[in-house]
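The next block holds one structure in the form of structure tokens; read it before the comments.
The values are calculated or read from the model by the stated rules, or taken from the named source; none is laboratory data. Just so it is clear, the structure is predicted and the values come from calculations on it, not from any experiment. Positions of Cβ are backbone-derived with ideal geometry, glycine not excepted, and every protein chain shown enters the neighbour counts. Side chains are part of the model used for accessible areas, which takes the heavy atoms of the whole protein and leaves out ligands, DNA and RNA. Shrake-Rupley method; radii C 1.70, N 1.55, O 1.52, S 1.80 Å.
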Amino acid sequence: MRRTALFLATALLASPLLAQTPTKTYAQELVDETLAAHPDIAIMALHVTPPKQADNIIIASNIGRIGKKADSDDMGVVNTGKPAMAVNAEGDHFEVELPLQDVTHDTVGAVSIVYPYKAGDDKAALAKNAEAVRDELRRKISNVGNLTQAYQFDPAIPTHTYAQQLVDQTMAAHPRLLILMLHIVPPGKSTNVVVGTSIGRFGKPADDDDMRAINTGIPNLEVNGRRFEVETRLLDASGKTLGAVGIVLPYKPGDDKKALEREGFAIRDELRAKIPDLAKLMEPVAPVAVADPNPTATLIGRSTDWHPGYSGDFDHFGVDVQGNRLFLAAEDHGSVELFNLRTGAHERTLHGVETPHAFVYLPEHNRLIVTDSGKGMTKILDATSLKVVGHITLAPGADSAEYDPSTGHLYIVTGGKDVGMKDCFLNEVDPLTGHVYAKLRFDSDHVEAVKAEQHGGRLFVNVADQNYVAVVDKKTLKVIAHWPLSGAQTNLTMALDEADHRLFVGTRNPSKLFVLNTDTGATVAMLDAPATSDGLFWDSARKRVYVPGGDGHLGVFQQVTPNLYAARPWIASATGAKSGIVVPQLDRLYLAASPGEHGKGGEILWFKLGN
């Protein structure tokens with residue numbers, strides 16, 4: 001079969017970028033956990049025809065594009081059952097596309113698995129690895145509908161428990177076992193739900209067959225196509241009924257049903273011997289971490305010896321690499337925290353600011369600008385003594401700032417709802433004298449990040465309450481284009497890849513990473529991102545985007561091509577660690593974890609960036 005347009009190529013075709021529901025599907029969970037377990041995989045996508053739909057589409061991936069229709073090559077894999085594989089045009093990735101199968105080996109779609117590649121790599125070995133991954137997936141898929149269901153029917157039901165550990169161990173010990181599910185009423189709950197499962201559906205209420213088996217003690221035995229299902233009571237070691245266990249074994253006409261029944265009961269009894277009581281099933285079990293031989297970022301330090309002693313949020317960092325200093329805006333405390341850049345040790349707390357937000361360090365002028373939304377306005381500090389030597393007088397609410405080295409001008413956003421104003425301003429100022437060259441008014445009460453081209457004449461501004469990016473001409477300080485964002489709201493953060501003509505925009509509702517073509521304003525990619533982010537960083541050396549989330553995760557997105565971005569497994573950080581800074585000179589990324597409303601915690605973390 002001649003495959004003229006493989007996955008990497010077809011992913012670049014224009015297609016609707018559909019907003020995803022906040023609830024994670026089981027298919028997406030399978031993709032995420034597979035990537036975490038196999039860090040050598042660069043890209044993974046599942047293509048199926050969802051129930052009651054006519055088109056085969058991408059339903060889960062780490063490159064977004066959910067809802068994109070399969071092309072003829074994808075359908076060829078689905079319809080013929082024959083794999084397709086090839087090196088991409090750039091010669092740096094090898095894709096294997098295989099039929100995606102369920103537990104009874106029925107084809108339910110296709111799975112695309114893409115590996116980094118260089119000339120001379122063993123393509124046969126990579127193809128074999130992909131087949132092994134596909135086979136792992138097969139044991140976790142009941143049917144197409146299973147993939148499109150929620151991973152957690154009830155988010156309050158935990159997924160890493162002793163119950164789930166029992167399921168995983170039992171599935172591994174019984175290769176013939178197709179499906180295993182444990183149903184109980186968890187302590188403190190009133191409904192019998194799934195708490196351990198080989199096919200997702202955590203928190204799904206027990207059905208009539210499950211409840212009948214529990215209430216009567218009579219097992220439900222049923223042939224369902226090529227499956228023999230055993231629904232029976234789940235017992236603890238003392239013989240007490242805890243709930244129900246669903247056991248599914250392979251079946252073909254003529255098989256001895258009594259033997260299958262005995263096999264199912266034997267598995268039930270194995271489980272019974274390992275369950276001392278109901279509470280044990282819900283005990284948390286830490287997930288097994290898989291070491292990534294080439295991690296995108298590795299936590300190497302945190303300021304555990306520093307305790308802020310106050311509540312509220314941190315905002316942005318500033319850095320003086322030569323002077324080995326890291327500045328952090330404690331906006332709700334009204335101070336600037338100073339750290340040793342290399343060791344992370346806290347060195348001092350600077351007062352004299354009211355509500356600091358962002359920093360601009362100008363080493364050639366020995367000046368540090370601190371945007372301050374307090375009544376005292378933005379401060380100009382002597383960078384050596386860190387004493388205030390001047391002010392930049394603007395409208396209230398100074399927040400985001402962007403220094404433009406190509407012109408020597410500084411852009412500061414002011415106004416907005418936080419200071420009781422119905423509009424916002426973009427101010428173009430001299431960072432040394434505070435002279436205001438010009439100001440641009442926005443009919444908006446929430447304007448956020450600003451980015452300036454260095455080889456062009458434009459500024460990009462997030463208008464957060466109206467969900468668009470404003471394109472501003474530097475010379476006239478006038479808006480020359482509006483680029484709307486579709487599928488998410490509250491665009492707060494921004495980064496620029498000027499070399500590839502790409503603008504990255506982060507949203508809050510829901511949390512997404514948008515990639516815009518700066519030649520056209522078109523959205524070329526949209527991916528899920530960590531929640532409650534207040535930072536977004538482009539790493540030009542590694543072609544990566546980093547998104548810190550207040551939910552305790554650092555999102556990492558690898559550029560494959562300027563139109564294609566692969567989400568890597570998220571990295572654990574800390575609750576409240578929503579802002580940060582990349583310091584390329586040290587190959588480091590720093591995060592600030594805010595103390596929060598109750599003043600518990602508060603720290604900085606630093607990560608080594610991988611190659």
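Some points to look at:
- Residue tally, condition open to solvent by less than 70 Å² (accessible area, probe 1.4 Å), in a loop (DSSP other than H, G, I, E, B) and more than 23 Å from Gly535 (Cβ to Cβ), over the range 435-457: 2
- Conditions (1) part of a loop (DSSP other than H, G, I, E, B); (2) within 23 Å of Thr23 (Cα to Cα); number of the one not met by Arg568: (1)
- Residues that are at pLDDT below 95, of a type in the set (A, V, I, L, M) and outside any loop (DSSP other than H, G, I, E, B) occur in the range 64-76; there is at least one.
- Flag if Ile41 is of a type outside the set (Phe, Trp, Tyr), modelled with pLDDT of 95 or more and open to solvent by 10 Å² or more (accessible area, probe 1.4 Å): no
- From Gly196, Gly200, Gly188, residue being of a type outside the set (S, T, N, Q), in a loop (DSSP other than H, G, I, E, B) and open to solvent by less than 30 Å² (accessible area, probe 1.4 Å): Gly200
- Close pairs from the range 259-273: first closer than 18 Å to Ile214 by Cα, partner open to solvent by less than 40 Å² (accessible area, probe 1.4 Å) and not small (Gly, Ala, Ser), Cβ under 6 Å, at least 6 apart: Gly264/Val230; Gly264/Ile247; Ile267/Ile247; Arg268/Thr232; Arg268/Val245; Arg272/Leu235
- Scope the range 375-396; condition of a type in the set (Gly, Ala, Ser) and open to solvent by 10 Å² or more (accessible area, probe 1.4 Å); matching residues: Gly376, Ser385, Gly390, Ala395
- Within the range 204-257, considering residues that are of a type in the set (Asp, Glu) and open to solvent by less than 60 Å² (accessible area, probe 1.4 Å), the one nearest to Ile179 (Cα to Cα): Glu229
- Number of the condition not met by Trp483 [criteria: (1) of a type outside the set (Lys, Arg); (2) in contact (Cβ under 8 Å) with a residue 12 or more places away in the chain; (3) over 20 Å from Ala529 (Cβ atoms)]: (3)
- Among the criteria (1) open to solvent by 30 Å² or more (accessible area, probe 1.4 Å); (2) farther than 20 Å from Gly243 by Cβ; (3) in a loop (DSSP other than H, G, I, E, B), the one Ile141 does not fulfil is (1).
- Given (1) over 18 Å from Ala495 (Cα atoms); (2) surrounded by fewer than 21 Cβ atoms within 10 Å (Cβ to Cβ); (3) not hydrophobic (A, V, I, L, M, F, W, C), number of the condition Pro405 does not satisfy: (1)
- When Gln164, Gln152 are screened for being open to solvent by less than 40 Å² (accessible area, probe 1.4 Å) and at negative phi, only Gln164 passes.
- Test: residue in the range 159-169 that is of a type outside the set (Gly, Ala, Ser), closer than 18 Å to Asn220 by Cβ and in a loop (DSSP other than H, G, I, E, B): no
- Qualifying residue in the range 83-106 (condition: part of a helix (DSSP H, G or I), exposed (fewer than 14 other Cβ atoms within 10 Å of the Cβ) and at pLDDT 95 or above): no
- Filter result (of a type in the set (Gly, Ala, Ser) and farther than 24 Å from Asn324 by Cα) within the range 351-378: Ser373, Gly374, Gly376
- Across the range 314-368, the number of residues qualifying as buried (at least 17 other Cβ atoms within 10 Å of the Cβ) and either of a type in the set (Lys, Arg) or at positive phi (or both) comes to 4.
- Close contacts from the range 420-435, counting a first residue that is within 19 Å of Phe460 (Cβ to Cβ) and without any contact (Cβ under 8 Å) to a residue 60 or more places away in the chain and a second that is open to solvent by 10 Å² or more (accessible area, probe 1.4 Å) and among the acidic types (Asp, Glu), with Cβ to Cβ under 7 Å and a gap of 6+ residues or different chains, come to Cys424/Asp445.
- Residue within the range 267-287 that is on the phi < 0 side of the Ramachandran plot, under 22 Å from the mean Cα position of the chain (by Cα) and part of a loop (DSSP other than H, G, I, E, B) present: yes
- Among the residues listed as Asp587, Asp551, the single one being surrounded by fewer than 24 Cβ atoms within 10 Å (Cβ to Cβ), under 20 Å from Arg342 (Cβ atoms) and either in contact with a helix residue (DSSP H, G or I) (Cβ under 6 Å, 6 or more places away or on another chain) or acidic (Asp, Glu) (or both): Asp587
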